[in-house]
1. I need the full set of residues from region 1-30 which are in contact with a Leu (Cβ under 7 Å, 6 or more places away or on another chain) and either among the polar types (S, T, N, Q) or in contact (Cβ under 8 Å) with a residue 24 or more places away in the chain (or both), in order please.
2. Filter region 53-67 down to the residues that are at pLDDT below 90 and within 13 Å of the chain's Cα centre (by Cα) and list them by number.
3. When you go through (1) outside any helix (DSSP H, G or I); (2) under 13 Å from the mean Cα position of the chain (by Cα); (3) modelled with pLDDT under 85 one by one for Pro16, which number turns out not to apply?
4. Taking region 19-70, which residues are of a type in the set (Asp, Glu) and in contact with a helix residue (DSSP H, G or I) (Cβ under 7 Å, 6 or more places away or on another chain)?
Amino acid sequence: MADTLTLSEARALAGPVDDLTLAEILKLGATRAELAEARAWIENDEAMLNEGRPIPSGRAARIVELLRAADEEAFTPPEP
């Protein structure tokens, strides 16, 4: 499929995420459009809702879950 992401495209579109998250996104067979949509929802879900955009479903929804989990892990301080 021509629209399937490459590793370098996924890395550029996903932003600062770990390799495991990128691997999961690629394993889904995600497209550029799905990853871009997921990233847009994470960056500003309120604006997306105000525009009347439907909540992501399918692969885009799973990518949102993966990216949110990666963001939470990145910003969780280690326990003492």
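The values are calculated or read from the model by the stated rules, or taken from the named source; none is laboratory data. These numbers come from a predicted model, not from an experiment. Cβ sites come from the backbone with ideal geometry, for glycine too, and all protein chains shown count toward neighbours.
1. At the first step, the residues of region 1-30 found to be in contact with a Leu (Cβ under 7 Å, 6 or more places away or on another chain) are 5, 7, 10-11, 13-14, 17, 21-22, 24-26, 30.
Matches in region 1-30: Leu5, Ala10, Leu13, Ala14, Val17, Thr21, Glu24, Ile25, Ala30.
2. Initial filter on region 53-67 (at pLDDT below 90): 53-57.
Listed by number, the residues that qualify are Pro56, Ser57.
3. (3)
4. So the first thing to find is which residues in region 19-70 are of a type in the set (Asp, Glu), and the list is 19, 24, 34, 37, 43, 45-46, 51, 65.
Correct list: Glu24, Glu34, Glu37.
Yes/no matrix, rows are residues, columns are (1) at pLDDT below 90; (2) among the acidic types (Asp, Glu); (3) surrounded by 12 or more Cβ atoms within 10 Å (Cβ to Cβ):
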| position | (1), (2), (3) |
| --- | --- |
| Arg11 | no, no, yes |
| Gly29 | no, no, yes |
| Ile42 | yes, no, yes |
| Glu51 | yes, yes, no |
| Ala70 | yes, no, yes |
